[in-house]
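Notes follow the structure.
The values are calculated or read from the model by the stated rules, or taken from the named source; none is laboratory data. Everything quoted here is computed from the prediction, not taken from an experiment. Every residue, glycine among them, receives a Cβ derived from its backbone with ideal geometry; neighbour counts consider all protein chains shown. Side chains included, ligands, DNA and RNA excluded: accessible areas come from the protein's heavy atoms. Shrake-Rupley method; radii C 1.70, N 1.55, O 1.52, S 1.80 Å.
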Amino acid sequence: MEMTIAQGIAKAAALLGAGVCMGIGALGPGLGEGFVAGKACEGIARSPENANLITRTMLVGQAVSESTGIYSLVIALLLVFAVKV
Amino acid sequence: MVSPEIVKIAMFLGAGISVSVSSVACGIGEGYIAGEAVHAMMKQPGANDKLFRNMFVGQAIAETGGIFSLVIAMLLLFSGLENGVLSWLTVSSLLAAGIAVGLGSVGPVLGSGYSGGQACAAIGRQPHHANDIMGNMLIGQALSQTSNIFALVVSLLLIYSIPGVPAGASLGWIIMKATALLASGLVIGFGTLGPGSGIGNVAGRANDMIGRYPAQRKTIMRTMFIGAAVSESTAIYSLVVSLLLIFAIK
């Protein structure tokens, strides 16, 4: 509760940064993973005999796309909990 | 303490932002469904009752985001919040509630619209499988709307659990806490944009493919579920960060 105005503004900037970081950071992975899964549905419909291969590739591709979402989460949590002013 | 006029400004701005931003998305999403339905009727005039039913149901579900925003706007305007605790925390909570549900409904509504439009196109191609396609469309739209519900929950939390200002709180602390509440609205608002429209893309492609290869319906639906679940993960991260910003900042 005891905080000078300068400390308050600095911590406020860190929290706003955490919000913007996770909010905009979730945009790319969400869109990209949706695109991968949409194309996987197309592939499975066209060649159902390769369903296992396509599902496996889809999951690997989505896991790689997810990485930037996880980076955003880590940075957001660091900004919320680890920044001391 | 702030004057009631400033709290009223936050209420009005929040209500305006929530309804206006979400109605942009509702217009685009539902217009896309209607456009695809009209296009499909041109090709298959015999299926016009099935297409009309599908269009209507799809538009109703895409409208959910607009209705959530309208409910939050009404709560902001008419639940007498200006008679409650008057502090800068109230001002930023109310503004953040409007931003959360307004921005948060854009992605899910666009996603549901794409899913519904592709379902109409698929029914135009294969009118005999209209029930299968419509069932898949409803599931896909429901998956896409989940992140919209996250935004609604955060918005209701922001309206109904406004923290009080403890005795002896410094101005610096109030600035920090008010910014945290505003950031929690921004994070869930932007965070549902990608997952909502991504899941809509999955559901739309799945509807299209069920229309082309109806025999593969089960495999396509399974892939759609897995893909949508993985796409949802970043919306869940956003929800976690948003709840932390509301409740964990002391």
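In table form, for the structure just shown:
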| item | result |
| --- | --- |
| Extension gain from B:Arg222 to B:Val24, taking 0.36 nm per residue of separation minus the Cα-Cα distance | 68.1 nm |
| Net charge dipole size for the range A:5-80 [Lys, Arg +1 and Asp, Glu -1 on Cβ; Debye, nearest 20] | 120 debye |
| Crossing angle, helix B:171-191 versus chain B [Cα axis fit, 0-90 degrees, rounded to tens] | 0 degrees |
| Projected label distance in nm at B:Lys250 and B:Tyr160, using a 7 Å step from Cα toward the beta-carbon | 2.6 nm |
| Helix-only mean residue ellipticity at 222 nm for the protein assembly as shown, each DSSP H run of n ≥ 4 adding -39500 (n - 2.57), per residue, nearest 500 | -29000 deg cm²/dmol |
| Accessible surface of the range B:119-187, 1.4 Å probe, proportion on carbon and sulfur as whole % | 72 percent |
| With every protein chain in place, chain A: carbon and sulfur % of accessible area (1.4 Å) | 73 percent |
| Principal axis dimensions, the range B:90-211 - Cα atoms, whole angstrom, descending | 70, 20, 13 |
| Stretchable slack from B:Val85 to B:Ala167, in nm (0.36 nm times residue separation minus alpha-carbon distance) | 28.2 nm |
| J(HN,Hα) series, the range B:138-147, from Karplus relation 6.51 cos²θ - 1.76 cosθ + 1.60, nearest Hz, glycine and proline x | 5, 5, x, 5, 5, 4, 5, 7, 4, 5 |
| Amide H within-cut-off set for B:Leu86, under 5 Å, with H built and near neighbours excluded | none |
| Over the range B:4-247: Kirkwood hydrodynamic radius from C-alpha pairwise inverse distances, Å | 18.6 Å |
| Euclidean distance between Cα centres, the range A:1-63 to the range B:233-250, Å | 15 Å |
| B:Ser3 versus A:Val74: modelled label distance in nm, points set 7 Å from Cα along the beta carbon direction | 5.0 nm |
| Cα principal axis extents for chain A, largest first, Å | 66, 16, 15 |
| Chain B - charge dipole about Cα centre, Lys and Arg +1 at Cβ, Asp and Glu -1, debye rounded to 20 | 560 debye |
| Nearest 10 degrees, 0 to 90: helix B:106-125 Cα axis against chain B principal axis | 10 degrees |
